[in-house]
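Structure record follows, encoded as structure tokens.
The values are calculated or read from the model by the stated rules, or taken from the named source; none is laboratory data. Note that this is a predicted model, so its numbers are computed, not measured. Here the Cβ positions follow ideal geometry from the backbone for every residue, glycine too, while neighbour counts run over all protein chains shown. For the accessible areas, the whole protein counts, side chains as well, though only heavy atoms, and no ligand, DNA or RNA atoms are used. Shrake-Rupley method; radii C 1.70, N 1.55, O 1.52, S 1.80 Å.
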Amino acid sequence: MMKKMKWGNLYLWLMFVVLYLPIIFLITYSFNAGKVMQGWSGFSLKHYGELFADTRILEIVVNTFLVALLSSLLSSVIGTAGALYIYNIKHALTKNVFLSLNNILLVSPDVIIGAAFLILFTVMGFSLGFTSVLLSHIAFSIPIVVLMVLPRLQEMNRSLVASAKDLGANNWQMLTRVILPVISPGIFAGFFMAFTYSLDDFAVTFFVTGNGFSTLSVEIYSRARQGVSLEINALSAMMFMVSLALVLIYYVISTRAAKSKKQGTRLVLPASEGL
């Protein structure tokens, strides 16, 4: 048993090294005084200075975060509503059909989704740019939010809703004061997942962007074709730190939610024992 555990830990550490070593290599060379990732020429922050002096890349950073924020917010609202609708469907076959349609969008290749949106916008005569990218990001983020919120709804105690009805709460009060507080960890998880997916997306964005509008993934790809600049290393390092900060924020939120849930359970158990 101990040998299996040791081999398992060794395999886990090996996977971490394979995954994170290229990222560490990329971040390390963002501080290189040279112009290429071949040979160390000394420590320097000049590539970060070049990054902040590049007005085009800063504009693209703002565009990327604006699309990610708006798409994650709107997809969280729509996805939560969709999860509530699927949860309340009584007919098992109909519920399975909706769940299957949601999961198909999750496993479909990004190239297919991007090409489909490109054809749709072209047929409709819709100009490609900020709006087309935003709509596309909302569309592929909604299934992610649904997938995050549904398990929270399934874990929810139905007696809470029944008790709220017995106390005279209307539908809006049950939604805002009972259901949403219970499923809020799932909503936050869906929001952060949608946000990170939007930041990282390349395939769908590549198909639907246009009219001078671009995001970081598309810009980095176009610049990398001309030759990798260490300014891109600096940008990638900063994006990695932003992603790490988002993960830490989500961890703190989920940890606090778990603690409050445990405290609520401890308060309910003594009260129920006295009944």
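Can you tell me how much longer the chain between K90 and A33 gets when fully stretched, taken as 0.36 nm per residue apart minus their C-alpha distance, in nm with one decimal?
Between K90 and A33, full extension yields an extra 14.1 nm.
Can you find, among F31, S184, N63, the residue farthest towards the positive end of the dipole of the chain? Put +1 on the C-beta of Lys and Arg, -1 on that of Asp and Glu.
S184
Please report, as a whole percent, how much of the solvent-accessible surface of the range 60-154 comes from carbon and sulfur atoms (probe radius 1.4 Å).
77 percent
Which of S136, S163, S127 moves the most in a Gaussian network model of the chain with Cα springs under 10 Å?
Comparing S136, S163, S127 in the GNM, the peak value goes to S163.
Taking only Cα atoms, what is the 0 to 90° angle, nearest 10, from helix 110-124's long axis to the longest principal axis of the chain?
Computed tilt is about 90 degrees.
Whole number in Å², please: accessible area per residue of the range 88-232, 1.4 Å probe, ligands, DNA and RNA not counted.
Per-residue value: 55 Å².
At 0.36 nm per residue, and after removing the present C-alpha to C-alpha distance, how many nm does the segment from Y20 to V182 gain when stretched out fully?
54.8 nm
Round to the nearest 0.05 the FRET efficiency obtained for D166 and L105 when R0 = 30 Å and r is the Cβ-Cβ distance.
The computed FRET efficiency comes out at 0.20.
Based on DSSP H runs of at least 4 residues, each adding -39500 (n - 2.57), what is the mean residue ellipticity at 222 nm of the chain after dividing by all its residues, to the nearest 500 deg cm²/dmol?
Only helices count here, giving -27500 deg cm²/dmol.
Would you mind checking the tilt of helix 180-200 against the longest principal axis of the Cα atoms of the chain, expressed as 0 to 90 degrees and rounded to 10?
Value to nearest ten degrees: 20.
Would you mind calculating the gained length between N211 and K6 on full extension (0.36 nm times residue separation, minus the Cα-Cα distance), in nm to one decimal?
Answer, rounded to one decimal: 68.3 nm.
Using a cut-off of 15 Å between alpha-carbon atoms, which aspartates and glutamates can reach K259, once sequence neighbours fewer than 8 places away in the same chain are excluded?
Excluding near neighbours in sequence, the set is empty.
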